[in-house]
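What follows is a set of notes on a single structure, which appears directly below.
The values are calculated or read from the model by the stated rules, or taken from the named source; none is laboratory data. As the structure is a computational prediction, the values presented were derived from the model and not from experiment. FYI the Cβ positions are ideal-geometry reconstructions off the backbone, even for glycines, and counts take in every protein chain you see.
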């Protein structure tokens with residue numbers, strides 16, 4: 001089946017940049033490893049971070065299938081945490097310690113290029129999040145990382161998790177623009193493919209160390225994306241910001 | 001009936017400041033008058049601004065009563081605009097001109113103390129909007145006025161207009177805090193009273209010229225409010241920011 005080539009992206013046609021957060025903007029793996037080293041140095045932080053994150057997609061799938069009612073990511077993260085703690089010798093942690101640890105997702109560190117890149121992009125575009133994180137998580141995360149965003153949009157806004165089309169289409173509807181005036185910026189090809197299916201334009205950001213230095217990611221360009229950038233500074237270059 | 005005195009507000013108990021926007025943060029009357037002077041100098045801009053704003057509460061009441069389905073403020077503003085144009089000799093305006101004029105609500109100017117006041121308050125608190133404006137309006141307004149907010153919350157977020165309790169209670173629920181950890185900041189006593197009924201703390205901001213220099217507002221303190229401030233710089237003083 002022949003693929004239809006998209007016309008080259010004209011940066012002037014875009015109005016809104018919607019950013020995936022976990023992996024794209026913040027280093028969840030490194031942040032969790034560092035927090036575990038401080039709190040529970042006996043635990044393999046790399047394996048712990050990967051196990052916690054591995055529960056994420058299945059948990060959201062249970063919600064979207066209707067097997068579990070609408071649940072915020074903060075609560076899904078806690079359910080996954082409770083499930084994996086025994087595997088890491090931490091079954092004895094009390095409720096307060098679990099609650100504190102769960103909030104590591106509100107304290108994730110941004111990749112080093114992010115603040116400078118967003119600052120350049122903000123002069124030309126509306127910058128929003130489009131993340132499965134809940135509004136509370138995304139707001140506190142953005143505040144502590146000093147992200148210069150214009151608006152926090154979340155799965156919570158649309159009561160649906162990515163890759164549900166209500167999320168991608170919802171960004172265009174909120175800002176009263178055509179889907180092709182929205183660029184989804186993400187480090188995950190499946191997220192970008194789902195956005196394209198809704199008519200959005202897409203930019204891939206490499207983040208080769210998203211899964212940690214032991215698990216380098218394949219960051220080869222995918223021709224279906226409109227843009228491919230090593231980081232947000234290169235994205236700003238590509239968009240003429 | 002005796003009133004119950006609230007304990008004095010301890011600024012340390014607050015986590016979130018939620019700001020009303022029209023009148024409190026931006027000068028809708030002055031901005032509309034200036035835009036009308038530029039576009040249609042033959043029109044009485046003061047009367048025009050007041051007529052447009054006068055349609056606002058009844059339009060939201062129609063939505064909340066169920067007489068009209070859920071409608072964004074951008075669309076309610078347009079309906080009111082269409083209704084008042086003939087009264088001001090502007091019945092001849094075409095659709096594109098009406099659409100452009102309607103977007104004046106995205107371009108309202110902030111009061112002179114706002115950016116400096118928010119900047120101080122932001123160091124200590126989560127700053128969000130709680131406005132009946134839709135997300136698109138609030139985002140574009142905040143961006144052009146360079147408001148250093150952490151999150152845009154809107155009637156659209158909660159699918160209910162103030163003074164519906166879902167809006168005030170919704171802010172506390174979104175940020176996972178008690179209602180008393182949220183301070184509503186507004187220049188309208190009825191908005192503040194509705195917030196108090198939901199357990200929020202309240203701060204009144206004077207804005208004596210909200211309705212224009214010809215119609216000075218009574219800005220006397222109301223004892224039910226926790227705080228009373230001339231502007232956001234005084235609010236920052238009162239909160240120790």
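Observations on the model:
- Region A:86-102 residues that are over 18 Å from residue A:32 (Cβ atoms), paired with ones that are surrounded by 10 or more Cβ atoms within 10 Å (Cβ to Cβ) and at pLDDT below 95 (beta carbon under 8 Å, 6 or more apart): none
- Take the conditions (1) touching a residue at least 12 places away in the same chain (Cβ under 8 Å); (2) more than 9 Å from chain A (Cβ to nearest Cβ); (3) in contact with a helix residue (DSSP H, G or I) (Cβ under 8 Å, 6 or more places away or on another chain); residue B:187 misses just one of them, which is (3).
- Evaluated against (1) under 22 Å from residue B:144 (Cβ atoms); (2) buried (at least 19 other Cβ atoms within 10 Å of the Cβ), residue A:173 falls short on exactly one condition, (2).
- Strands (runs of 3 or more DSSP E) (entirely within region A:171-241) containing at least 2 residues that are at pLDDT 95 or above and at positive phi: none
- Those residues of region A:34-71 which are closer than 23 Å to residue A:219 by Cα and surrounded by 21 or more Cβ atoms within 10 Å (Cβ to Cβ), in sequence order: A:49, A:52
Rundown of residues vs (1) in contact (Cβ under 8 Å) with a residue 12 or more places away in the chain; (2) closer than 25 Å to residue B:128 by Cβ, yes/no style:
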site: B:20; (1), (2): yes, yes
site: B:25; (1), (2): yes, yes
site: B:35; (1), (2): yes, no
site: B:41; (1), (2): no, no
site: B:48; (1), (2): yes, no
site: B:52; (1), (2): yes, no
site: B:58; (1), (2): no, no
site: B:79; (1), (2): yes, no
site: B:82; (1), (2): yes, no
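- Counting the residues of region A:77-113 that are on the phi < 0 side of the Ramachandran plot and assigned to a loop (DSSP other than H, G, I, E, B) gives 11.
- Test: residue A:93 is at pLDDT 95 or above, under 16 Å from the mean Cα position of the chain (by Cα) and either within 24 Å of residue B:145 (Cα to Cα) or away from chain B (no Cβ under 14 Å) (or both): no
- Filter result for residue B:193 (surrounded by fewer than 17 Cβ atoms within 10 Å (Cβ to Cβ) and either farther than 12 Å from residue B:18 by Cα or facing another protein chain (nearest Cβ under 9 Å) (or both)): yes
- Where residue B:68 falls short, out of the listed (1) at pLDDT below 95; (2) within 15 Å of the chain's Cα centre (by Cα): (2)
- Taking region B:156-167 as the range and being more than 25 Å from residue A:106 (Cα to Cα) and within 14 Å of chain A (Cβ to nearest Cβ) as the test, only B:159 passes.
- Positions within region B:124-167 being in a helix (DSSP H, G or I) and free of Cβ contacts under 8 Å to residues at least 40 places away in the same chain, in sequence order: B:135, B:139, B:140, B:142, B:143, B:144, B:157, B:158, B:165, B:166, B:167
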